[in-house]
1. Tell me whether the stretch B:126-199 comes out rounded, prolate or oblate; compute the Cα gyration tensor, take square roots of the eigenvalues as a ≥ b ≥ c, and use a/c under 1.5 as the rounded threshold.
2. When chain B is modelled as a GNM with alpha-carbon springs shorter than 10 Å, which of B:HIS191, B:HIS215, B:HIS22 fluctuates the most?
3. Looking at the protein assembly as shown only, what percent of DSSP beta bridges run antiparallel? Nearest 5 please.
4. Using a Gaussian network model of chain A with C-alpha springs under 10 Å, which one of A:GLU243, A:GLU102, A:GLU235 is most mobile by mean-square fluctuation?
5. Take the residue pairs A:LYS168/A:LYS264; A:LYS214/C:LYS185; B:LYS17/C:LYS28; B:LYS54/C:LYS66; B:LYS59/B:LYS163; A:LYS168/C:LYS185 and return only those whose Cα atoms are more than 29 Å apart.
6. Report the charge-dipole magnitude of chain A in Debye, nearest 20, computed about the Cα centre from +1 at each Lys and Arg Cβ and -1 at each Asp and Glu Cβ.
7. From the phi angles alone, apply the Karplus equation (6.51, -1.76, 1.60; θ = phi - 60°) to the stretch C:128-140 and give each ³J(HN,Hα) in whole Hz, x where the residue is Gly or Pro.
8. At 222 nm, what helix-only mean residue ellipticity would chain B give, in deg cm²/dmol to the nearest 500, using -39500 (n - 2.57) for each DSSP H run of four or more?
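All of the numbers you see were taken from the coordinates with simple rules; none came from a lab. Every value quoted in this text rests on a predicted model; they were computed, and no experiment measured them. So basically every Cβ, Gly included, is an ideal-geometry build from the backbone, and we count neighbours across all protein chains shown.
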Amino acid sequence: MNTAKRKIPFGFIDDQAKREIRRSILKAIAIPGYQTPYSSREMPMARGFGTGGLQLTLSLVGRQDVVKVIDQGSDDSVNAVNIRQFVQDVCEGVQTTLRTQEASLIQTRHRIPEVPLREDQVLVFQVPYPDSLVIVESNEATRKCMHGEGDYSRLLVKLYEDMVHFKKITLSHRYPTQIHTHYVIDPSPIPRYDVPRLHQAPNLFLFGAGREKKIYAVPPYTEARPLVLDDIPFEVEDFTHPETGDRYCCEVCGSDRSFLEEFKQADGGSVWQCSDTDFCASMLEAAEAAEGVI
Amino acid sequence: MNDLPLDLLLRVRQLRKSFFLHERGLGIDSSRPVDLEVRAGELTALTGPSGVGKSSVVKAIYRTYLPSGGEILYRDTAGRVESLVTAPESRILELRRREIRYVTQFLHFLPRRSTLDIVAEPLWQEGIPAAEAEAEARAWLHRFKLPENLHGVSPATFSGGEKQRVNLARGLIGSPRLILLDEPTASLDKHTAAIVIEAVREQLSRGIGMLGIFHDPELVAALATTEICMNGESI
Amino acid sequence: MKPILDVKGLTRIHGKSCDGCLAATGPKVGGNQCPHCGSIVACADVSFQLMEGEILGIIGESGSGKSTVIRLLYMLDQALAGGALLHGGEESAIDLMALNRAQARQLRDRHMGIVHQNPRLGLNYQISAGGNIAERLLMSGNRRYHDIRRIASELLVRTEVPVSRMDDFPGTFSGGMQQRVQIAKALSTRPRLLLLDEVTTGLDLSVQARILDLILELQRELGISMIVVTHDLGVIRLLASRTLVMKTGRIVESGLTDQVLQDPQHAYTQQLVASAL
């Protein structure tokens, strides 16, 4: 039998689908924070593993692009490695990198890189749950109306109830964030630390939810405000030692200004380490270079 | 057409009231056409045998009944003459709050309210501050010899005589312009009757006009300037 | 007295409706289903005025259209015809029937309140009693947590709900207390217009009495205009200065409450009053 090997198009997705996704992206940028529906395609991996983000990446990527993929800040996790490998396989000539500064297109899961992004960079999020209202309203038609009317009082009630029952806001990630004074988005499970970094950033943020078939965007230099009660200030994760008041430092590179992850030790103590592996590596290199100079 | 001589507060012409019972297809005449006048500072008594329709006349003036025919003209505080037959409901409510009061033989009160509040309520309606209204109400209850320890409780458990005195205090208090009395003085004891006569005279002397249904000829003689007997003739 | 609400020709028909619907239904015919097209005339040509600070009663049997009128005024349903002008405030009168969803919501959140017969319609049982009041305040644009706490506790005191229960869930409250929380919630934004739909139906007598007392006190203190829908003549007698009587979707009679009760004109009202002991 003579079976011709099927030619995989550049970027894996066929041109028709890419066009549709790009149109949805344009609409999403034009209406900041609005969840634009699109016909999410089947990808060669299970939904829930970043198919939404991947479709955005593959629709946007061109031969001149340099792609970086991170998973919870790390370039070396299984998910990040596999997606990066896949992009390399289906996008002939496209370079990949681990360096934030070198990348033009970054696909991420649950973090924004520590190094501030530039106007010429695009950050693509993988989104499990696109709708911020899902925690207070189960009916999607009703949610659509609520978004349309800018009715987010029930999310605010959730904050009120948190204060009543726990004396603090318990939302740790996926913090509802209002874009351009209207739509409230689910910014994907980024930590609260990353939420203020969406605000007036020079770069474009794109959010892709493959399972839920939604694309939304925070365009460059756009207002992004966490939803708060006026007299309960928004707080980011606290990395200070409860007794000494000193900020924890990264065990590897010594950074005292990055988002840290806690690793419990066998002796019950904790070690803290940068969540952004590329940032951590850069800090180390810089330190070593400085030592070398001396 | 709405001409009313200046000395008149109220003039009723050919007022009649009939009911139609749909279920039985039956019309009932409640009162034959009646004419009457009330002057400021005077009491017009409405007398006659029971069943002749005295209450119907009073209720028709107060719009508790819809008049079936005739004319009711009233001069309000501002000197404007208006027809109580055709005035809009909102206007009637306003007049009821401020100017025209209706006192029945039974004490109709909102349940669960203190006697003091019940007596003071017409003053609230007139727009008098609560503290002032309360003091005034207390004074009237004293006048009608209602023991102080009853002021704070609801009249629900009062005796017939006590209720009647509360009713009269509530009916006469304050400064309405026209009071419609629907037999509130039936079967008064001698002592209370004397208090009532004095209180009514005092309020008349302040210029309040009254239209009253009375059965007791002594009260009529003591209080009324005019008596309209509903057998037909006026005395 | 100035009117706060001017309702003219309010009509709602369930179904496709035809030219013959209105003529073929109503109290004279004795039904509200159109024989030509099968549509149900929920209410037709309902017109009335509500004055500032007044309590207006709407009475009628189930299916007479009284709750439909409330739902239309609260903009939960769409009218087929008619208008309802809401006066007051700085703006000129607003036609409630001409608003889009967002406008309706905003107006409702700021200027109107509703208390349902079934507290489950008016309260969210997943959040605390205070949270329910907070929701309405948040909707109307007040986002200060400490403010909201203070206002909610004041309202609960006013409606005689123990403040110690403020952070409990409404499902743990008695029926009467749930109704009070609903009233507190409705009052939280100081509405110009309060709609009460059978608020005491199904409560036992002593609880009914205290809720009715509360409504009267609130009217006296705050001067809120209210429409009270009920099938209970006692409620009407106690609360309403004027009353509309509805049957098969139409107003068959209106007047001062004491007049409607003592000198009813329409056959249906006479029957209603006669059957009420």
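1. oblate
2. Comparing B:HIS191, B:HIS215, B:HIS22 in a Gaussian network model of chain B, the most mobile one is B:HIS22.
3. 55
4. Ranking A:GLU243, A:GLU102, A:GLU235 by mean-square fluctuation puts A:GLU243 first.
5. Pairs exceeding the cut-off: A:LYS214/C:LYS185; B:LYS54/C:LYS66.
6. Computed about the Cα centre, the dipole is about 1600 debye.
7. Karplus values, whole Hz, x for Gly and Pro: 5, 4, x, x, 5, 5, 4, 4, 5, 5, 5, 4, 7.
8. Helix contribution divided over all residues of chain B: -10500 deg cm²/dmol.
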